[in-house]
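First up is the structure itself, then whatever we jot down about it.
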Amino acid sequence: MEFQELKAFVADHDNFEIRVIGHAGSRFYQVELEDVEGQRHMLSRTGKPILYRSLEDVYNELRRAGIHRAYLVQQVPHDEVIGRETHYQDPLTSRMPLVF
C-alpha cells in the first residue's frame, strides 16, 4: 500500500489497525495496516516495503496520514532458532500501544 493509498484509506475507514513492526536484531521498522477483513497491507513505495530508521520517523509519517495510534510489535525468531514452526500470522498477544 502506497502512502497516498494509506491516506485515502484512513479518510474513508475507521475500523483498522496499524502495526509498527520491529525485528529482533534490526534497527529498522516497517508499518503494516490490517483492515476489517483481516487483509494485511505493508506500507510501500514503488512496490517495495518502506523501512524506517527510527520510531520518530514512523510517527512523523503516520501523523502525515492522519494516524495517531498504532501498536508496536517486536518479532523475535525464537521458534525458528529452536526448530519449531513459526507463528507470525497468529493473533498477536504481546504488543505495545503507541500514541503520538
Considering only the other residues whose Cβ falls under 11 Å of the Cβ of Phe9, what net charge follows from Lys and Arg at +1 and Asp and Glu at -1?
-4
Shape of the stretch 34-83 from its Cα gyration tensor (a ≥ b ≥ c, root eigenvalues): rounded if a/c is under 1.5, otherwise prolate when a/b > b/c, or oblate?
prolate
Considering only the other residues whose Cβ falls under 9 Å of the Cβ of Leu72, what net charge follows from Lys and Arg at +1 and Asp and Glu at -1?
+2
Hey, what do the phi angles of the stretch 28-43 turn into as Karplus ³J(HN,Hα) couplings, whole Hz, using 6.51/-1.76/1.60 and θ = phi - 60°, x for Gly and Pro?
9, 10, 10, 10, 10, 10, 10, 8, 4, 7, x, 6, 10, 10, 7, 5
Local charge sum around Ser44 (other residues, Cβ-Cβ under 10 Å, Lys/Arg +1, Asp/Glu -1)?
0
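Quick note: the coordinates plus some simple rules give every number you see, no bench work behind them. Note that the coordinates shown come from a computational prediction; the quantities given were computed from them, not determined experimentally. No Cβ is skipped: glycine too gets one built from the backbone with ideal geometry, and neighbour counts run over all protein chains shown.
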